Amino acid sequence: MSHTLGIRQAQKQKTRQALLDAALELLEEQSLSSLGLREVTRAVGVAPTAFYRHFRSTADLGVALVEEALSSLHPTIRTIVSTAGDSDERITLAVELIGGHVRAHPAHVRFIAREQHGGVQPVREAIRGQLALFTEEVQAELAKDRAAGGWSEDDLLMLAGLYVDQMLVTASLFLEALGSEDEQRRVTRVATRRLRLISIGREHWLD
C-alpha cells in the first residue's frame with residue numbers, strides 16, 4: 001500500500017513540475033497575467049481540471065515559480081557577500097556568480113524581471129518577500145565584517161539593500177547581453193565599477 005502511495009506521489013510531483021516547466025516556457029513570450037491555465041495544461045497534455053490538483057490559480061502557479069526561481073539563490077547570495085578575500089576579489093566573484101546564474105537559468109531570471117512589477121499581486125508580493133529575505137541575509141553577513149563596527153542596523157540594512165538592488169540590475173543586464181560576448185564583457189565592467197562605488201561609499205560612510 002505504501003509503495004502504491006509512493007508511486008502516486010511521485011507521479012503527482014512529476015505532473016506538478018511539468019506544469020511549472022511548461023508555464024515557464026510559455027512565459028518566455030508573455031506575462032503571467034495573460035497566461036491561461038488551458039495553455040499550460042495543453043502543453044503538458046493533461047486535462048484542465050488536473051491543474052487544480054496542483055495549483056489554485058495561475059497566480060498560485062506564479063508564486064511557485066518565484067519560489068523555484070529564487071529560493072535556491074540564498075547560498076549564492078551568502079557567498080557573494082562573504083567577508084573572505086579583499087574587496088576586489090569579492091566583487092569579481094559576485095559578478096561572475098551573477099553572470100553564471102543568468103546563463104544557467106535565463107528563463108527564471110526573465111520571469112522575475114518581468115513579474116517584479118507585473119500585474120499579478122500575489123506574485124509581486126512573493127518576489128518582494130524573497131528580496132526582503134535576501135536583504136536580511138546580506139545584512140547579517142555584512143554585520144560579521146570588522147568594517148561594520150559602529151554601523152547602525154538601519155544603515156547596514158540600507159547597504160544590504162543597495163547590494164541586492166545592484167545584483168538584480170546586473171542580472172537584468174546580463175540577461176539582455178546573452179548571445180554577445182562583447183556585451184557580456186561590457187556588463188561585467190559596468191557591474192564591477194558600480195559595486196566598487198558602493199564599496200568605496202561603505203568604507204567612508206562613518207567618516
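The values are calculated or read from the model by the stated rules, or taken from the named source; none is laboratory data. On a predicted model such as this, the values are computed, not experimentally measured, just so you know. No Cβ is skipped: glycine too gets one built from the backbone with ideal geometry, and neighbour counts run over all protein chains shown. Just the protein is used for accessible areas: all its heavy atoms, side chains included, with ligands, DNA and RNA removed. Shrake-Rupley method; radii C 1.70, N 1.55, O 1.52, S 1.80 Å.
Quick notes on this structure:
- Phe174 meets the conditions (1) of a type in the set (Phe, Trp, Tyr); (2) over 19 Å from His105 (Cβ atoms); (3) assigned to a helix (DSSP H, G or I) in every case but one. The failed one is (2).
- Conditions (1) more than 22 Å from Leu93 (Cα to Cα); (2) touching a residue at least 12 places away in the same chain (Cβ under 8 Å); (3) of a type in the set (A, V, I, L, M, F, W, C); number of the one not met by Ala147: (1)
- Subset of the range 13-42 that is surrounded by 13 or more Cβ atoms within 10 Å (Cβ to Cβ) and charged (D, E, K, R) - its residue that is nearest to Glu68 (Cα to Cα): Asp21
- Within this structure, His117 fails the test of being in contact with a Ser or Thr (Cβ under 9 Å, 6 or more places away or on another chain) and not aliphatic (A, V, I, L, M).
- Whichever residue in the range 107-161 is outside any helix (DSSP H, G or I) and within 22 Å of Pro75 (Cβ to Cβ) and, among such residues, is modelled with the highest pLDDT: Gln116
- The sole residue among Ala59, Ala69, Ala64, Ala43 that is of a type outside the set (Asp, Glu) and free of Cβ contacts under 8 Å to residues at least 40 places away in the same chain is Ala43.
- The one condition in (1) touching a residue at least 40 places away in the same chain (Cβ under 8 Å); (2) in a loop (DSSP other than H, G, I, E, B); (3) loosely packed, with under 13 Cβ neighbours inside 10 Å that Gly179 fails to fulfil: (1)
- Residue within the range 48-58 that is open to solvent by 20 Å² or more (accessible area, probe 1.4 Å), out of contact with any strand residue (DSSP E or B) (no Cβ under 7 Å at 6 or more places or on another chain) and either within 30 Å of Ala148 (Cβ to Cβ) or aliphatic (A, V, I, L, M) (or both) present: no
- All positions within the range 165-176 that are closer than 23 Å to Gly129 by Cα and in contact (Cβ under 8 Å) with a residue 60 or more places away in the chain: Met167, Thr170, Ala171, Ser172, Leu175
- Considering residues of the range 101-127 that are hydrophobic (A, V, I, L, M, F, W, C) and more than 10 Å from the chain's Cα centre (by Cα) only, the residue least open to solvent (accessible area, probe 1.4 Å): Val123
- Condition check for Leu168: under 21 Å from Ser87 (Cβ atoms) and outside any helix (DSSP H, G or I): no
- Output for the range 60-91, where each listed residue is assigned to a helix (DSSP H, G or I), at pLDDT below 95 and open to solvent by less than 20 Å² (accessible area, probe 1.4 Å): Ala69, Leu70, Ile77, Ile80, Ile91
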